[in-house]
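J.: This structure is in structure tokens; I'll ask about it shortly.
Values in this text are rule-based calculations from the coordinates and carry no lab data. Predicted, not measured: the structure shown is a model, and the values here were computed from it. No Cβ is skipped: glycine too gets one built from the backbone with ideal geometry, and neighbour counts run over all protein chains shown.
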There are 2 protein chains.
Amino acid sequence: MTARSTNTGEGSGAQDPHRDIPEATVARLPVYLRVLTSLAERNIASCSSEELAAAAGVNSAKLRKDLSYLGSYGTRGVGYDVDYLSYQIAREIGVTHDWPVIIVGIGNLGQALANFSGFSSRGFRTVALLDAAEQMQGRTVAGLEVRPFADLAEIVAAEQVSIGVISVPATAAQDVADAMVEAGISSILNFAPAVLNVPPGVDVRKVDLSIELQILAYHESRKAAEADETVDNGSEEGITA
Amino acid sequence: MTARSTNTGEGSGAQDPHRDIPEATVARLPVYLRVLTSLAERNIASCSSEELAAAAGVNSAKLRKDLSYLGSYGTRGVGYDVDYLSYQIAREIGVTHDWPVIIVGIGNLGQALANFSGFSSRGFRTVALLDAAEQMQGRTVAGLEVRPFADLAEIVAAEQVSIGVISVPATAAQDVADAMVEAGISSILNFAPAVLNVPPGVDVRKVDLSIELQILAYHESRKAAEADETVDNGSEEGITA
DNA sequence: CGGACTTTGTGACCGCGAGAACAAACTCGC
DNA sequence: GCGAGTTTGTTCTCGCGGTCACAAAGTCCG
Ligand SMILES: NC(=O)c1ccc[n+]([C@@H]2O[C@H](COP(=O)([O-])OP(=O)(O)OC[C@H]3O[C@@H](n4cnc5c(N)ncnc54)[C@H](O)[C@@H]3O)[C@@H](O)[C@H]2O)c1
Ligand SMILES: NC(=O)c1ccc[n+]([C@@H]2O[C@H](COP(=O)([O-])OP(=O)(O)OC[C@H]3O[C@@H](n4cnc5c(N)ncnc54)[C@H](O)[C@@H]3O)[C@@H](O)[C@H]2O)c1
């Protein structure tokens, strides 16, 4: 999913034994962190891998292996300390401090994102909303004034922004991405249904609702086809045993 | 990502040689379809795998292999016919006809989704908006009246809905999912940051913005750390050759 | 203090998916 | 009609990721 390019030194190998957490694990760490936060809110101090895994919806062995990439933070025979593990995961992800984020394109979706409170509680702070449309200028959304797109570079520099969200129409997405990169942003979350071209070193993640729905539709089609077949063949339900 | 359970007959093996398209391929087919649609709009009749792959942002060999799962729809020495291939992909995904969809939770996000025009053009039709809150009842959003959550079963049955979207707070997500399944929905797109428990045969896909941002944050952290190291070690740029 | 029990951390195995390379098949020009 | 050129479809290999199973390590009770 991520268009993460290989490191700057293309051929260097760069096998620093420091840490290299598998991408699949990185994608699950936030889930674990959320579960742990929820446990902490219920004043649960300690927790086994089995319980954690169940709450996160994954296999317990997978969870243990994931956590082992960060170090040995559990106690055998007991489990994991909720607060301690939470902190370790947050530190690994890099959300012990807040990341400033900007949103470009304050339409339907952009406004919903700006109004969304879930970001601030999970390590992010929306510092600016930008839009190119004349009639959006000066309007206030979620307590922030909508600023002209031309101010992008200035804002990024002033607030040290490295993460940008794109919620403009697909046709404008590449232009916005180019401007973001030019301004110094190196991570982009893209909601527009467009393939973004970015230079090495810049990460792009895309969220595409139509694709998600179409994947569901595919499985629905097959379920329907399967059901038809089962009707034709008569019942196939496990009467074997 | 998908919590698709194994088929009804858990141990049956079900090796129907009919078709079994790899999940990774299924996730890319919608991207190809979008690219093809875009080409068709520009009156481009034919296209090589190389061009398609570039526009979709994937490797051309991978694209060819993906397409080969549907059959041999290309012409060697020429490429693919845009309209023909579009239709074949749409048929495989199952979006030659529209799928009725309902959205539950018409808050910030739900309203943005309801107002989003992109769904209808990609094989989906929002047939109902549901919300539990008293003050939402009777309001009209995107040309549809918001209906009480209690009407869920009735609507699903009347409109033959099999796909549901959840955009309620995380605490309510499991309840809504249960009700959806009870009503006969078998595919769920979940925006709430919660792990949903559903019976076998029901597909769930989740879209979690906080997780996406946290993954970006992780890579940002590492980029920052890397940059620090490079400064310490002096330049490491490819001077080797 | 020791043994039984619990739970972590990890080694081994397997299957999916990505990518490179190539043979087959088709078109087009002569 | 035929050869050169082009592009597909497929085979092979390799590495990542998921799962099982177990040894190591710690706790707790008698
Ligand atoms: N609304 C949804 O629920 C939804 C769902 C999935 C995907 N999307 C995607 O998200 C994007 C935005 O959707 P939306 O419904 O909010 O659209 P919208 O038309 O409501 O909003 C787009 C905003 O972007 C601004 N804009 C346009 N060009 C710009 C530019 N070059 N620079 C800065 N701002 C610019 C416009 O002024 C407008 O305010 C689209 O690509 C859409 O496909 C939206
Ligand atoms: N707004 C965003 O941009 C955004 C981004 C990421 C994730 N999310 C997630 O999407 C979900 C919705 O976010 P939101 O900002 O729209 O919240 P919101 O509070 O604005 O809207 C939630 C809506 O759900 C309704 N609701 C609550 N319980 C219900 C129930 N049991 N049955 C039916 N309806 C019910 C409420 O009446 C309300 O209208 C949340 O889980 C949130 O974490 C939102």
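J.: Put +1 on the Cβ of each Lys and Arg and -1 on the Cβ of each Asp and Glu in region A:112-188; which of A:177, A:136, A:116 then has its Cα farthest toward the positive end of the dipole?
T.: A:116
J.: Ok, one more. Normalising by the residue count of region A:69-125, find the relative contact order in percent from Cα pairs under 8 Å and 6+ residues apart. Write down the numbers at each step before the final one.
T.: On the way: 30 pairs, mean separation 18.5, N = 57.
Reported relative contact order: 32 percent.
J.: How far apart are the residue A:43 label points across copies, placing each 7 Å from Cα toward Cβ, in nm, shortest first?
T.: 7.3
J.: Related question: With a ≥ b ≥ c taken as the square roots of the eigenvalues of the C-alpha gyration tensor of region B:23-93, please select rounded if a/c is under 1.5 and otherwise prolate if a/b is larger than b/c or oblate if it is not?
T.: rounded
J.: Rounded to the nearest 0.05, what FRET efficiency is calculated for residue B:40 and residue A:144 with R0 set to 41 Å and r the Cβ-Cβ distance?
T.: 0.55
J.: Place the peptides A:122-132, B:76-86 in order of packing, highest mean first, counting for every residue the other Cβ atoms within 10 Å and averaging per peptide.
T.: Details: A:122-132: 20.7, B:76-86: 15.6.
Going by the mean number of other Cβ atoms within 10 Å, highest first, we get A:122-132, B:76-86.
J.: By its C-alpha gyration tensor, with a ≥ b ≥ c as the square roots of the eigenvalues, how is the protein assembly as shown shaped: rounded for a/c under 1.5, else prolate for a/b larger than b/c, else oblate?
T.: Here the protein assembly as shown falls in the rounded category.
J.: Sticking with this one: Rounded, prolate or oblate: which one fits chain B, using the alpha carbon gyration tensor with axes a ≥ b ≥ c (rounded when a/c is under 1.5, else prolate when a/b beats b/c, else oblate)?
T.: oblate
J.: Please state the relative contact order of chain A as a whole percent: Cα pairs under 8 Å, 6+ residues apart? Don't jump to the answer; show the numbers that get you there.
T.: Details: 315 pairs, mean separation 41.1, N = 241.
Reported as a whole number, the value is 17 percent.
J.: Same structure again: Can you tell which of A:104, A:168, A:35 shows the greatest fluctuation in a Gaussian network model of chain A with Cα springs below 10 Å?
T.: Looking only at A:104, A:168, A:35, the largest GNM fluctuation is found for A:35.
J.: Still on this structure, I have one more. Given points 7 Å out from each Cα along the Cα-Cβ axis, report the residue B:60 to residue B:96 separation in nanometres with one decimal.
T.: Rounded to a tenth, the inter-label distance reads 3.0 nm.
J.: Straight-line reach from residue B:223: which lysines have a Cα under 22 Å away, not including same-chain ones fewer than 8 places off?
T.: Straight-line reach from residue B:223, under 22 Å: A:206.
J.: Hey, another quick one. Can you put A:208, B:151 in order, fewest other beta carbons within 10 Å first?
T.: B:151, A:208
J.: Tell me the net charge near residue A:73. Cut-off is 12 Å between Cβ atoms, residue A:73 excluded, with +1 for each Lys or Arg and -1 for each Asp or Glu.
T.: -1
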